[in-house]
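The values are calculated or read from the model by the stated rules, or taken from the named source; none is laboratory data. All figures in this text were calculated on a predicted structure; none of them were measured in a lab. All Cβ positions, glycine included, derive from the backbone under ideal geometry; neighbour counts span all protein chains shown. Protein only, heavy atoms only, side chains kept; ligands, DNA and RNA dropped before computing areas. Shrake-Rupley method; radii C 1.70, N 1.55, O 1.52, S 1.80 Å.
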Amino acid sequence: MIRRAVVKGVGHYLPKRVVENAELEKTVDTTDDWIRSRSGIERRHIAAKGEFTSDLGAAAAKAALDNAGMSADDIDAIVVATSTPDLTFPSCATMIQNKLGMTKGYGFDIQAVCAGFVFALTNANALIVSGQAERVLVIGAETFSRIMDWEDRATCVLFGDGAGALVLEAAEGEGTNDDRGLLAFDLNSDGRHKDILYVDGGVSSNQQTGFLRMQGKEVFRHAVEKLAATAHTSLDKLNMTGDDVDWIVPHQANLRIIKGTANRMGVGMDRVVVTVSDHGNTSAASIPLALSVGVERGQIKQGHVIVTEAIGGGLAWGSVVIRW
Ligand code: UT7
């Protein structure tokens with residue numbers, strides 16, 4: 001018998017305001033057709049003034065707790081993946097802990113940009129299998145609208161705000177691929193590529209919040225190559241292939257990247273959860289959002305094998321295989 005981290009609940013939250021591509025045509029030199037054909041994005045949600053990343057994260061966490069039939073008191077630890085915390089410190093996780101009314105346990109943030117949720121899942125799993133926690137809330141929450149240069153058409157049309165959350169709980173497994181829970185992981189980063197996707201501000205450099213800067217074509221090239229590779233690395237650890245996968249739940253950055261990765265994995269698009277059209281790229285929130293929407297749509301069911309994969313600034317990238 002081995003200890004596994006099993007998904008007990010999932011939930012998400014999206015800010016009320018929806019911005020259609022047509023609305024962006026009025027503010028930057030772009031077209032609905034360009035955005036759709038290059039990225040697959042049709043609309044995105046944007047947080048209201050005074051609505052913070054921790055508000056989005058806390059709402060998603062409450063939805064996940066409800067889905068699990070648990071309360072905040074049942075949780076030992078909160079791991080939040082975000083690059084857009086409310087403040088430089090304290091962590092977004094402690095802000096969410098407070099908003100959930102939790103006065104015990106501990107929380108901390110993980111920053112691996114768009115790959116953040118994959119890193120957060122891996123770390124939450126480590127807390128559970130090492131016996132340091134029984135139940136962990138894993139949250140991806142972002143307000144990327146706040147780090148957009150709204151005059152840069154190459155980036156501002158691509159991103160959106162949102163949050164998603166999972167509740168993981170310790171369970172005894174047999175140690176086989178049939179166990180429910182998180183089964184395999186692959187994490188990577190390579191700081192040589194730090195200049196192709198970054199924010200041009202920070203505490204220790206210029207004391208500004210800064211704006212997101214991206215060499216889109218370069219990131220695209222790395223994404224197509226690295227995402228299928230990391231997914232294969234995780235599946236190889238289980239002697240699984242694309243044929244064993246019920247759903248790919250990819251980071252939702254670009255429909256062309258999502259299709260290219262599925263193709264390289266030999267998985268048809270009928271087995272890929274796609275939400276990028278409605279959410280845009282919500283960075284670390286995109287995978288838990290897509291998991292939650294995938295369950296809501298009736299696509300993801302208990303027992304299914306899910307592969308998540310993501311890449312973002314750093315570059316940092318990785319994948320996780322989950323039996324739901
Ligand atoms: O989540 C983190 C990871 N991020 C990603 O995965 C993003 C990866 N990259 C991408 O998704 C794509 O590279 C983009 C969607 C960002 C861009 O697509 P692309 O096919 O690589 O286009 P491009 O950057 O080569 O731009 C093509 C043309 C350029 O004009 P010229 O140089 O051909 O005259 C751009 O100036 O499109 C122009 N352009 C636009 N036109 C209308 C750039 N942005 C826009 C825009 N509207 N919003």
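For Glu172, the conditions (1) within 30 Å of Ser71 (Cα to Cα); (2) crowded, with 21+ Cβ neighbours inside 10 Å all hold with the exception of (2). Listed by position, the helices (runs of 4 or more DSSP H) enclosed by region 226-306 that each have at least 1 residues that are open to solvent by less than 20 Å² (accessible area, probe 1.4 Å) and either over 30 Å from Cys156 (Cβ atoms) or away from the ligand (no atom under 16 Å from the Cβ) (or both) are 255-265, 286-296. Of all residues in region 3-33, which are open to solvent by 70 Å² or more (accessible area, probe 1.4 Å) and touching a residue at least 24 places away in the same chain (Cβ under 8 Å)? Scanning region 3-33 gives Lys8, Lys16, Arg17, Thr27, Asp29. Leu212 satisfies every condition listed in (1) open to solvent by 50 Å² or more (accessible area, probe 1.4 Å); (2) in the same structural domain as Ile300 (by TED's automatic domain parsing); (3) not basic (Lys, Arg) except (1).
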